[in-house]
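So the structure is just underneath, and the comments pick up after that.
What follows is calculated from the coordinates using simple rules that are stated; it is not laboratory data. Everything numeric in this text was worked out from a predicted model, so none of it was measured. Because the Cβ atoms are built from the backbone with ideal geometry, glycine has one as well, and the counts that use them run over all protein chains shown.
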Amino acid sequence: DFSHSFCLVCQGPPVWHKNYPVAQGNRQSPIDIIPHQTSHDPGLGPITLNYDQCTSINITNNGHSVVVEFEDPDDRSVILGGPLDNPYRLKQFHFHWGGKGCHGSEHTVSGNSYASELHLVHWNAVKYKTFGEAATAPDGLAVLGIFLETGDDHRWLHMITDALYMVKFKGSVTDFKAFNPKCLLPSSLHYWTYLGSLTTPPLHESVIWIVLKEPIIVSEKQLGKFRMLLFTGEEEDERIRMENNFRPPQPLKGRKVRSSN
Ligand SMILES: OSc1ccc(O)cc1O
Ligand SMILES: [Zn+2]
């Protein structure tokens with residue numbers, strides 16, 4: 001159990017390597033993306049998101065983020081193309097964010113961080129039998145990262161923020177059906193891609209990262225609702241607000257970041 005695994009007071013990113021030595025590995029995430037140092041690869045095609053038949057199940061507070069989970073018995077909702085050799089099935093999406101007025105994205109662009117970052121997690125069901133098996137394989141997961149920037153209200157994000165009061169405490173879960181995350185995509189699917197890892201323990205080096213260049217715009221008010229969530233469970237006496245649940249950028253260790261265009 002690595003609850004409080006972000007709050008720096010308790011068991012934050014600097015100590016993860018004691019229990020998870022891979023934290024100091026050669027393909028850790030997130031990273032700082034420096035656009036003019038990325039290599040444009042003409043062989044890198046567009047990504048396609050086939051989410052029209054997707055079936056969300058529930059929304060849950062797992063003690064380090066808020067997660068929307070999907071049914072994944074078949075290829076009803078997949079990401080394909082781009083750097084991927086197979087279609088990858090949508091399993092869940094979750095967010096990372098900062099504190100009041102602080103930025104909280106995980107990836108940064110030329111040292112600049114965004115207010116928040118959305119991760120849509122997919123797994124390679126062609127090569128692996130279960131998500132758990134894929135999560136430990138070098139080509140097991142494909143995570144689509146989308147930056148959130150503050151500005152006007154996002155017209156669909158309220159569908160998520162309106163449900164957050166139901167999952168205030170760590171370990172809480174509530175029904176969340178028929179949500180299609182297509183409504184959270186920016187207009188352009190241009191992206192950067194590189195080989196990395198989960199950004200929370202166990203930090204498996206199993207992620208093909210696809211980070212969209214264009215952020216989506218959400219309001220400070222909408223983002224503030226995420227900060228009403230707690231790292232702590234209902235039975236715990238102290239209440240620790242869920243915020244700053246982002247891992248800082250990790251060493252590139254010679255990796256290439258490719259650009260779609
Ligand atoms: O933060 S990135 C990330 C990716 C996959 C996953 O199963 C969990 C994660 O936290
Ligand atoms: Zn994440």
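By the count of neighbouring beta-carbon atoms within 10 Å, fewest first, 166, 228, 242 end up ordered 228, 166, 242. Checking every one of the trypsin sites (Lys or Arg not before Pro) in segment 60-149 against DSSP loop status and a limit of 12 other Cβ atoms within 10 Å picks out 100, 129.
For the options 65, 110, 197, a Gaussian network treatment of the chain with springs between C-alpha atoms closer than 10 Å singles out 110 as fluctuating the most. When the chain is treated as a Gaussian network with alpha carbon springs shorter than 10 Å, the biggest mean-square fluctuation among 50, 19, 86 belongs to 19. Computed extension length for residue 38-residue 155: 38.9 nm, one decimal, from 0.36 nm per residue of separation with the Cα-Cα distance subtracted. Shown in residue order for segment 201-212 are the 3J(HN,Hα) couplings computed by the Karplus curve 6.51 cos²θ - 1.76 cosθ + 1.60 at θ = phi - 60°: x, x, 6, 3, 8, 10, 10, 8, 7, 10, 9, 6 Hz (x for Gly and Pro). Applying the criteria of a DSSP loop state and at most 10 other Cβ atoms within 10 Å to the trypsin sites (Lys or Arg not before Pro) of segment 170-218 yields 177. Each residue of segment 155-161 was assigned a 3J(HN,Hα) from its phi angle through the Karplus curve 6.51 cos²θ - 1.76 cosθ + 1.60 (θ = phi - 60°); the sequence is 5, 10, 4, 4, 5, 8, 5 Hz, with glycine and proline shown as x.
Straight-line reach from residue 127: taking Cα to Cα under 20 Å and skipping same-chain neighbours fewer than 8 places apart, the lysines in range are 91. Summarising the amide proton neighbourhood of residue 57: residues at separation of 5 or more, or on other chains, whose placed amide H is nearer than 5 Å comprise 69, 70, 71. Near the amide H of residue 197, within less than 5 Å, lie the amide hydrogens of 29, 207, all on another chain or at least 5 residues away, with H placed in the peptide plane. Over the residues of the chain, the helix contribution to mean residue ellipticity at 222 nm works out to -1500 deg cm²/dmol, using -39500 (n - 2.57) for each DSSP H run of at least 4. Less than 5 angstrom separates the built amide H of residue 66 from those of 95, all sequence-distant by 5 or more or on a different chain.
With 29 Å as the limit, the listed pairs 18/177; 170/221; 170/253 have 18/177; 170/253 beyond it between alpha carbons.
Seen from residue 247, the other residues with C-beta closer than 13 Å to its C-beta sum to a net charge of -3, counting Lys and Arg as +1 and Asp and Glu as -1. Scanning the chain for GluC sites (Glu not before Pro) that sit in a DSSP loop and have at most 12 other Cβ atoms within 10 Å, the longest stretch containing none of them is 1-233.
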